[in-house]
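Report on the following structure.
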Amino acid sequence: MSICWLNGEFLPLEDAKIHVLDRGFIFGDSIYEVIPVYGGKLFRLEEHLQRLINNLAAVKIDPKLNVQELRGLLEALVEHNGSGDLSVYVQVSRGVAARDHAFPELCLATIFAMANPLVGCSEKTLSEGASAITLDDIRWRYCHIKTTSLLANILLRQQALEEDATEAILIRDGLVTEGAASNLFLVVDTVLLTPPKSTFLLPGITRDLILELATKQNIAYKECDIEQSTLNSASEIWLSSSTKEIVPVTRLNGKQVGNGKPGNLWVQMNTHFQNYKDKVRQGLIN
Ligand SMILES: Cc1ncc(COP(=O)(O)O)c(C=O)c1O
């Protein structure tokens, strides 16, 4: 039975109850993070905590816990759940109040965190690649905020699944932004490309690590606007996220990408990424 954290105490997940007037439930008025755990080590924890703090500040939610307290509670949560390979989910809502759009004057943030077994990318996807379709980016204009108001993302992902694809790659005003739940990388003329950070995409922790590894390994990359025609002609397409890591896309809108197999640069980058992860697992780096 997994153990979660809710408003100051650890308890079995089945016993955790949220008030029906919680603004996270009523309005999606909350922020969340998903942090992978390898061998009991929270991966890129400081970066995830910083993004959580930034996002809470962006929507004016005061969690009434500082970074050290949040770090401590997540580390304790991992221990309570056996310290293996996990996916930690943490959500902070504005709290419980009578339903009204206006921020309540007195309201204590609800803080919930749980740990689930980590479900990464399947071996089949890693060897054959995934398929994706392009869809119009129907989301709002604050996509850099990791809010639980994810209805548009859910509809987009569901449409992709119903069209036998694993992810929707989103297009806003002719430019590629990201996936419905992932960031996007392309390889064009042996250079790695990714859209620059903006309010139209989530500043992914995995995205940052990929660029950090590219710098260390002298892999040429560019953060630049990407038109749909560039996406269509890319020799490689990758999607990145904390739980799925780096996923090669080998079919786009039913057509083969490159030679239809995970590309050479993906193989290289994935090796660097796995080496980095192993070092974190062994406690050699944070
Ligand atoms: C819309 C969106 N973009 C990008 C990402 C990847 O972010 P990260 O690497 O921090 O998991 C996610 C992750 O869930 C996401 O939902």
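Across every pair of different alpha-carbon atoms, what Kirkwood hydrodynamic radius in Å does segment 123-281 reach?
In segment 123-281 this quantity evaluates to 15.6 Å.
Can you compute the modelled spin-label distance between Val188 and Asn66, with each label point 7 Å from Cα toward Cβ, in nm?
Simple spin-label model gives 4.6 nm for this pair.
With a cut-off of 8 Å between alpha carbons and a minimum separation of six or more residues, what is the relative contact order of segment 3-117 in percent?
Over segment 3-117, the number comes to 38 percent.
Out of His101, Gly24, Ser241, whose Cα points farthest toward the positive end of the dipole of the chain (charges: +1 Lys, Arg; -1 Asp, Glu; placed on Cβ)?
Toward the positive end, the furthest listed residue is Ser241.
From the phi angles alone, apply the Karplus equation (6.51, -1.76, 1.60; θ = phi - 60°) to segment 265-270 and give each ³J(HN,Hα) in whole Hz, x where the residue is Gly or Pro.
Those phi angles translate into 5, 4, 4, 4, 5, 5 Hz.
Testing the spin-label approximation: label points 7 Å from Cα along Cα→Cβ at Val267 and Leu161. State their distance in nm.
Placing both labels 7 Å beyond Cα along the Cβ direction yields 3.3 nm.
Excluding Ser233 itself, calculate the net charge of residues whose Cβ lies under 14 Å from the Cβ of Ser233, where each Lys or Arg counts +1 and each Asp or Glu counts -1.
-2
State to the nearest 20 debye the size of the charge dipole of the chain about its Cα centre, where the only charges are +1 on K and R beta carbons and -1 on D and E beta carbons.
280
Arrange Ser242, Ser83 by Cβ neighbour counts within 10 Å, fewest through most, would you?
Ser83, Ser242
Based on DSSP H runs of at least 4 residues, each adding -39500 (n - 2.57), what is the mean residue ellipticity at 222 nm of the chain after dividing by all its residues, to the nearest 500 deg cm²/dmol?
Helix-only estimate at 222 nm: -9000 deg cm²/dmol.
Given Lys64/Lys146; Lys41/Lys244; Lys60/Lys279, which pairs have Cα atoms separated by over 25 Å?
Lys60/Lys279
Which percent of Cα pairs goes in each bin when the distances of segment 44-108 are cut into 10 angstrom slices starting at zero?
Pairs per bin, as whole percents: 17, 45, 26, 11, 1.
Bin width 5 Å, origin at 0, all Cα-Cα pairs of segment 1-122: what percent of pairs per bin?
P(r) over segment 1-122, rounded to whole percents: 2, 11, 22, 22, 19, 13, 7, 2, 1, 0.
Once phi is turned into θ = phi - 60°, what whole-Hz ³J(HN,Hα) does the Karplus curve with 6.51, -1.76 and 1.60 give for every residue of segment 107-121, x standing for Gly and Pro?
Each residue of segment 107-121 in turn: 7, 9, 4, 8, 10, 10, 9, 9, 10, 10, x, 6, 10, x, 6 Hz.
Please list, in chain and number order, the residues 5+ apart from Asn253 or on another chain whose amide H is under 5 Å from its amide H, with Hs placed from the backbone.
Ala132, Ile133, Thr134
I want the local charge near Gly95. Using Cβ-Cβ distances under 15 Å, sum +1 for each Lys or Arg and -1 for each Asp or Glu among the other residues.
+1
Placing unit charges on C-beta atoms (Lys and Arg positive, Asp and Glu negative, everything else neutral), compute the dipole magnitude of segment 130-286 about its Cα centre in debye, rounded to 20.
Around 460 debye, computed over segment 130-286.
Output ³J(HN,Hα) for segment 185-193: one whole-Hz value per residue in order, computed from phi by the Karplus curve 6.51 cos²θ - 1.76 cosθ + 1.60 with θ = phi - 60°, and x for Gly and Pro.
With coefficients 6.51, -1.76 and 1.60, one gets 10, 10, 10, 10, 6, 6, 9, 7, 10 Hz.
Please identify which residues in segment 192-235 have an amide N closer than 16 Å to a label point set 7 Å out from the Cα of Asn259, following the Cα→Cβ vector.
235
How large is the Kirkwood hydrodynamic radius of the chain, counting all unique pairs of alpha carbons, in Å?
19.9
Need the full-extension length gain, Ala152 to Ser127, defined as separation in residues times 0.36 nm minus the C-alpha distance. One decimal, nm.
So the chain would gain 6.0 nm between Ala152 and Ser127.
Taken together, the values in this text are just the output of simple stated rules run on the coordinates, not laboratory data. Just so we're clear, the structure is a prediction, and the values are computed from it rather than from any experiment. Counting neighbours? That spans all protein chains shown, and the Cβs are built from the backbone with ideal geometry, glycine included.
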